[in-house]
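One structure is given below, encoded as structure tokens.
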Amino acid sequence: MLLARGWRFAFLVSAFQSIKSSGGVHFQGAEPKRRQAWRYNVTRILTELERGKQPVSIIYQIGFGFLLGLMIWQGTALLHQTLDKNKKYEAASAFAAASGKPLLVVGGPMGITWLRRFSKMMAHGYGDVCMDIDLRALGDCPSGVIADIRHIPFSDKAFGAVFVSHVLEHLPDTRDAKKALTELNRIADAVFIAYPNKHYIVSWLIPDHHLWVWQKDGKTYLKQRKNRQKDFKSAG
């Protein structure tokens, strides 16, 4: 028991013992109430440590602060990812409408994840034509097409715009992704791509995410993820 306590609080012990041996905590120009509060907290923790007690309240506070910070960070990352996707879908729709050509959506709005299918919440709109490699992802799309993004069955410049939602990262390697990009640019006047946010932890955990995809200054970048080169089974 003493050993278990020791490795957890070795840093606190050494730090606060140093403070104690130096005569306590001193602040130049600090407010009296703040100085008293610091001295009280340091004395209390030192006393608990000397008695062999763990400062449970401090651990709870640190743990709660960590979880709260993690939730805020991940919530912000997910919000940024969702807003980016919605913005690109709206831009693709507007571009297609202005061109007088239909909008192609690659990556069915219903996906194949259990959460999306359970909630029955669409990730985005259907567009005029919706394409996916998995029938389940198309949902109730009135103009659904089952096809591989590397071999799109449409003629050159048949669409005003194509919106690609979280598909490229599922391809096995960058070579296939580049082939897909060539196909997308062949069949549409403009290509809008939504992809996972690298700051969102879930993006790192999904096993069939084989690539990192990002855009900067109008260019699309691809990077192979380590030990993630596999066969392409679903666009997700």
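Using 0.36 nm per residue and subtracting the Cα-Cα separation, the extra length available between A98 and H199 on full extension is 32.9 nm.
Each residue of the stretch 141-155 was assigned a 3J(HN,Hα) from its phi angle through the Karplus curve 6.51 cos²θ - 1.76 cosθ + 1.60 (θ = phi - 60°); the sequence is 4, x, 10, x, 10, 8, 7, 8, 5, 7, 9, 7, x, 9, 6 Hz, with glycine and proline shown as x.
Backbone phi angles across the stretch 123-128, fed through the Karplus curve with coefficients 6.51, -1.76 and 1.60 (θ = phi - 60°), yield HN-Hα couplings of 6, 6, x, 7, x, 7 Hz in residue order; Gly and Pro are listed as x. From the Cα gyration tensor of the stretch 77-236, with a ≥ b ≥ c the square roots of its eigenvalues, which class applies: rounded if a/c is under 1.5, or else prolate if a/b is larger than b/c, or else oblate? It comes out rounded by the Cα gyration axes. Applied to the stretch 79-88, the Karplus parametrisation 6.51 cos²θ - 1.76 cosθ + 1.60 on θ = phi - 60° returns per-residue 3J(HN,Hα) values of 4, 4, 5, 5, 5, 5, 5, 5, 4, 6 Hz, with x for Gly and Pro. Summarising the amide proton neighbourhood of Q215: residues at separation of 5 or more, or on other chains, whose placed amide H is nearer than 5 Å comprise Y221.
Counting every pair of alpha carbons in the stretch 66-110, the share spaced more than 15 Å apart comes to 60 percent.
Taking other Cβ atoms within 10 Å as a rough exposure proxy, I59, I152 sort from fewest to most as I59, I152. The value for the stretch 62-166 of Rg(Cα) / (2.2 N^0.38 Å) is 1.30.
When the inverse distances between all different Cα atoms of the stretch 116-202 are averaged and flipped, the Kirkwood radius reads 14.0 angstrom.
No lab work stands behind these numbers, since they all come straight from the coordinates. Keep in mind that this is a model prediction, so the values were computed, not measured. Here Cβ is always computed from backbone atoms with ideal geometry, including for glycine, and neighbour counts include all displayed protein chains.
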